[in-house]
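Bear in mind these aren't lab numbers, they're just calculated from the coordinates by the rules spelled out. Only a predicted model underlies this, so the values are computations on that prediction, with no experimental measurement involved. As a convention, Cβ positions derive from the backbone with ideal geometry for all residues, glycine included, and neighbour counts pool all protein chains shown.
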Amino acid sequence: MAPTRLRPCRPTGAAVGTVALVLGAALLAASSGATWLWIVAALAAALVTAGTALGIAGAARARLVLLDAPRVAVAGEPARFTVAVRSPRAIAVRLVDGTAPVASWWQPGGEHRGVVVGSFAARGTVELLDVCLRGAAPFGLWPWERRGRVALATPTMVGPAPSAEGAPVLRAADELGDDERAVSRRGEAGALRGVREWSDGDPVSWVHWPSSARTGTLLVREWDPPTADELEVRVERTADPQAADTAARHAAGAVDVALRRAGRVRLDVPVPNGRHAAVVHDRLEAAALLAAADLPPAPRVTAAPATPSNVEGRWWPRLLVAAAIAIGAGASLVALRWPPTTTLVTLVGLPLATWVSWHHRRERSQLVVLFSALAVLVALLRFATGIDTTAAVGTVRDPLAELLIAIVVIHMADARERRNLRFALGSSAVLVFYAGALRVDPGYGLWALTWFAVAAGALAALHRSALADLGTLERDDPEPPRVAPRVARAVAVGVASVGVSVGLLALVPVPEGPVRVLSPTQVPVRSPIPTPGALAAPPGLVAAAGADGGDPSDADADPDRAGQQSVFGYTAFEPSFDTSTRGRPNPSVVMRVRAPAPDFWRGQTFEQWDGRTWTAADDPGELVDGRNTRITGFDGDPLVREGGEEFVQTYFLETDLPNLVFAAYRPTQLILDADVWVRPDGALRADTTLPDGSVYTVVSRRLPVTDEILAAQGAPGFGRFASAWQDPQMQRYLQLPELPDRLAQLAREITAPFPDVHGKVRAIEAWLGANVAYDLDAPVPPDGQDAVDHFVFEGRRGFCEQIASTLVVMLRAVGVPARVAAGYTPGERDPFAGVYVVRGDDAHAWAEVWYPLSGWQSYDPTASVPLAGDTQSRGSLGGPIAAAVGSLAVEALRWLVPAVLVGLTGWGVVALVRRRRRTVASPAWAAQARFERLARRAGVAVRSSDPNPVVAERLAAARPAAADAARAAAGALDTAAFGRTAPAAADDAEAAVATLARHL
Amino acid sequence: MERVLTSFAPPSATARADDARMAVTAAGALGRALTEAVAGTIVGKAEAISQAVACVLSGGHLLVEDVPGVGKTLLAQTLAAAMGGSFGRVQGTPDLLPGDVVGAVVPDEGEGWHLRFREGPVFANVVLFDEINRTSPRTQAALLEVAEERTVSVDGQTHPLPVPFVLLATQNPVEIAGTFPLGEGTIDRFAYALSLGRADAAAERAVLLGDGGRDRLVSVAPVAEPPALAAAQEAVRLVHVADVLADYVVRLLDATRTHPRVRLGVSTRGGIALVRLAQASAAMAGRDHVTPADVQALAVGALAHRIVLADARGLVPARDLVREVVAAVPVPRP
């Protein structure tokens, strides 16, 4: 029989959903700037691609040949088809007649020939069957299908399904009239039943004379009584399809009943030229006749699914989906700091919902639907009105996340069928990605990867249960399909996908950063500041500073004032700070900043220098209220209003901080859940201290800055912008106390060769680099002496405050407006979360120099922060990730190698113990195993139902040189196994197998 | 018809294993001799002949089913001739009566009105029942007691059959018209159902040229006396059957009972028959223990005719099913 002709592959509907989900994940990742989401999306895309390739490979080269189909069948009853299917991968096959499914099964890869049981749906003559082959990829994510047609060698006549209700049957005898007995229409005489003694009433013709003569008594032959009635079933010709179908089904039912009564049945049907009547002996003959009758074709049945999609009898998929939802909810709840209501809903509701969905998996329960609807209403009300009576102190409020979690958990209760479970899995993906946008800590990566593994497992389990529902082929030569190698192959595919996706990430540039639309902000607890516009310390730290040995009274006792922990977290975060103090190093994480590129996170600026202390300006600025504030005018704003790029930063605070709002220069928009004092000196202060858990977003505008651009702006009194340098507003930033002469002289000497400001700054930096050393152990200047003077000429050792102060003082001495700024350096980049991790040690003070076109430009000789214009190339995601993964791998190897060694040793010990136990139980076990190994290595198939002599014969056929040894070995093994117990038998067997091994 | 008594004392406890081995070896030699004797007449069917001889050695009854003209009756006749002892023959016709087979109570010749039991043709060492499925079920039922208990009960008296007693029956396949299929109870009493099949070309040519065939029948001489045959049948039961092997047979039987296409699986009688057949086959191969290969070689013939399928009739589909089952059930490994 010619193989079927199949059209090329095309994707199925499920593919579109998967693509949509992956694209959505990528979009969310791009908009939130979280690298983890990129990684998860890339992994998913890689796995889907691998699944696609496998699926195409499976379906593209599949071949199906229909070897045998029943000639006659009854609609709705099992019919057996013999098929031969060959495909390199596992595929699911469906045979369809028109729209009604006939048979469906799945099979693992390979060549299979066997019998499948299906059923036809409607009466008629079937000549063509549609074939649909689906490549079953490991996760069922992107099955490709091919459709084709197969012609049946002989058309199958499908009779109607017998109708259960009775139909009036015309008795043939009724036509004869009432006075004749129905028996006159009897068929052939009954069969001989036997011989018995004569009794009254038997006709003489029944006597069997030979037996009677032999035995001396009258013996008669007894016949079975003739069959009673002959029934005729007549189907009338009609043109109405519905009536014809009903009549045919009634006829089939009547024939069924009549046959069971063991009578003769004659079926009379209309044929194209007249009528045809025949005696039918069984249902199949009746079905053939009815199928061939000249009746209008049966109405096409709409394809009800042949196999229900309920996930019956398997709890694995449901449990895995529930686990995926739990992980997604947990990831969000960690970011929200475990709000009590939602945590309770998840902990109690999710197991309950899973149990309910398992309990009602077969049919829908109206009660469950009602309760789910009510619960969703309650959740929506809570979201809409914002009432939360059970909010605890310290939790982060995000009503949208809580609503999402509640809806997903409630939906799980109503997840009966497989597609509901897939939808629930998709919604858990939404939860995980939302959590990814909320969280910035590195722990999220673990959650995301765990979710990915669990979701993949759930998808695979759902897919396998779908395949199991389809049924399998009854093979001609039953050999259990080997499942074990597929696991290894799947693992290899998974590892390859991971490698490919990490490699692909090398092409993806670092995302631009959080999109303003998604900017989250929350301030968990408000503590209003006592004096408007002032700096306020967070409430907890005051007491801590007192208990911590940083006692204010100690400060007077200790002339160095070294090691004082400022209540503001850093000495420079006060309204004024003394350059001779230094803070205690504090390595704990202060905040995480999600930004695409590094920059100084500036908090304060200082204007006045009195020889020892820097003081900030008095003007508190104006209070701007609202959540989303536009920041308009600062002192020293650049003359260039347009241009530059938008630089979005989101700050996630992890300790209690004062009410400073950190921002990169120059901030244009602030999204903060509090009112803000916008100070003209460029600092921002909130009207509440910002506790642990606060989040806010700043949008800054960065102008492109390079050495050439800065140099082109000249200097006060020099260059094109000379007049701009004389701006009276900038005079404040030239304020200096009475400077020692040598200091001013030195400043002039250093900057003389450079006419432009940028050159001057670089010159001072170079001088500092050559002449002073960075040292945390700086000597304290004596009272009365200018701190910078002491540092430059006597101490020559200092830390960031001294160096910054020196730079600013020298610049002011030559007429360049400059000031000191305090804040945080960018910190360490965490490539996975896409954040800069800022620690207490990163608190810093640096110099800011004013330029007419570029505004305030930060300079810091100690920290290596590149100029804004030099960060055009942002680098790719993959580079740092690969490096981080590499370091992780090295880290893992350190404990992986001993773990592997321990595992191997344990496995070796267990194997030895098992071997010993089996040898004690049956001494010839090892010899038997060796025999089978030798046979397999020689290319001989060894099935579990092959006894040793059969294997030996195959081996003899394959290797004639070893024929005798093989037969001897088989005989010895059988003797050792089944003979009378002889201790030497096992040794004989071993010797025989050893001889065989030598021959091979 | 005299009854042949056999006295076969089991070997003494001390030398039990050795005696058993010797007895088994003797039984095996007898079997091989029988096979050789029959092979001269039935050309080219060595496998079938040795299976038939194994059936006889195991003490079971043999059913030979095949299309007409392949030598079923000839095989049975040759086997009977080689086995020696008395021979009885019944030809199955539709009007055959049970009394014609087992015997009847007839008036005694001589004076007085006495009744005596006149033995039927089954009272012989080897009984050939030709075309058993052409007689009525009533006559077939008369064989139930004959085959199982080797006695005949007529008119309140039980008469034992001679020892050894072997029933060889032949039949045409049930699809052929004009037959009365054997009932499940009757056919279950046959230990082995053999199907000869058409000979290959070389064998058929040899038969056509006169080498083998019915002409050779007259030259077949008995290989042993009935007491030796009886002793061999007893000795076959001494072949060692390992526990794991009995488990294997039970699993085979179970698989036939639980198969979805089967309406009636194999009974315990079938299992017993299979084990005895395997013992006989092992003895003929010169071994004193049964191996799974013996069981597998005889499984189809021993089990197929006892199985009633739900959706098909006849031996051929049943044989396919037994082959499938044998290929599916794993063999015991040491």
List the GluC sites (Glu not before Pro) within the stretch A:669-773 that fall in a DSSP loop (any state other than H, G, I, E or B) and whose Cβ has at most 10 other Cβ atoms within 10 Å. A:Glu738
What is the spin-label model distance, in nm, from A:Ala373 to A:Arg61 if the labels are put 7 Å beyond Cα along the C-beta direction? 5.4 nm
How many angstrom separate the Cα center of the stretch B:14-39 from the Cα center of the stretch A:777-834? 112 Å
What distance in nm separates the two pseudo spin-label positions at A:Arg998 and B:Arg89, each 7 Å out from Cα along the beta-carbon direction? 5.8 nm
Once fully extended, how much extra length lies between A:Arg748 and A:Leu449, figured as 0.36 nm per residue of separation less the alpha-carbon to alpha-carbon distance? 101.7 nm
Starting from 0 in steps of 5 Å, tell me what percent of the Cα-Cα pairs of the stretch B:30-229 lands in each bin. 1, 8, 15, 19, 18, 15, 11, 6, 3, 2, 1, 0, 0
For B:Thr158 and B:Ile272, what does the FRET efficiency come to when R0 = 25 Å and r is the distance between their Cβ atoms, rounded to the nearest 0.05? 0.60
Quick one: dipole size for the stretch B:30-229, taken about the Cα centre, charges +1 on Lys/Arg Cβ and -1 on Asp/Glu Cβ, in debye to the nearest 20. 420 debye
1/(1 + (r/R0)^6) with r = Cβ-Cβ of A:Trp206 and A:Arg419, R0 = 51 Å, i.e. FRET efficiency to nearest 0.05, evaluates to 0.10
Formal net charge of residues neighbouring A:Phe978 (Cβ-Cβ distance under 12 Å; K, R +1; D, E -1): -2
Check A:Gly109: other-chain or 5+ apart residues with amide H under 5 Å from its amide H, H built from backbone geometry? A:Ala90
Between B:Ala82, B:Ala282, B:Ala141, find the one with the highest GNM mean-square fluctuation for chain B; connect C-alpha pairs within less than 10 Å. B:Ala141
When the convex hull of its Cα atoms is projected in every direction, mean area for the stretch A:716-839 (nm²): 10.3 nm²
If we count every other residue with Cβ under 9 angstrom of A:Gly611's Cβ, Lys/Arg +1 and Asp/Glu -1, where does the sum land? -3
Once the other residues with Cβ under 10 Å from the Cβ of B:Leu74 are scored (Lys, Arg +1; Asp, Glu -1), what is the net sum? +3
Using a Förster radius of 22 Å, what is the FRET efficiency between A:Leu128 and A:Arg80 based on their Cβ-Cβ separation? Nearest 0.05, please. 0.70
Taking the alpha-carbon centre of each part, the distance from the stretch A:713-739 to the stretch B:94-108 in Å is 143 Å
Each residue of the stretch A:612-621 in order: what ³J(HN,Hα) in whole Hz does its phi give by Karplus 6.51 cos²θ - 1.76 cosθ + 1.60, θ = phi - 60°, with x for Gly and Pro? 9, 10, 9, 10, 7, 5, 7, 4, x, x
Log10 I(q)/I(0) at q = 0.06, 0.12 Å⁻¹ for chain B, from Debye over equal alpha-carbon scatterers, is -0.21, -0.87
What's the extension gain from A:Ser588 to A:Thr385 if we count 0.36 nm per residue and subtract their Cα-Cα distance? 69.2 nm
For A:Val115 paired with B:Glu145, estimate the spin-label separation in nm (one decimal), with each label point 7 Å from Cα along the Cα-to-Cβ line. 4.1 nm
Residue-span extension gain [A:Thr531 to A:Arg214] - 0.36 nm each, minus C-alpha spacing: 100.3 nm
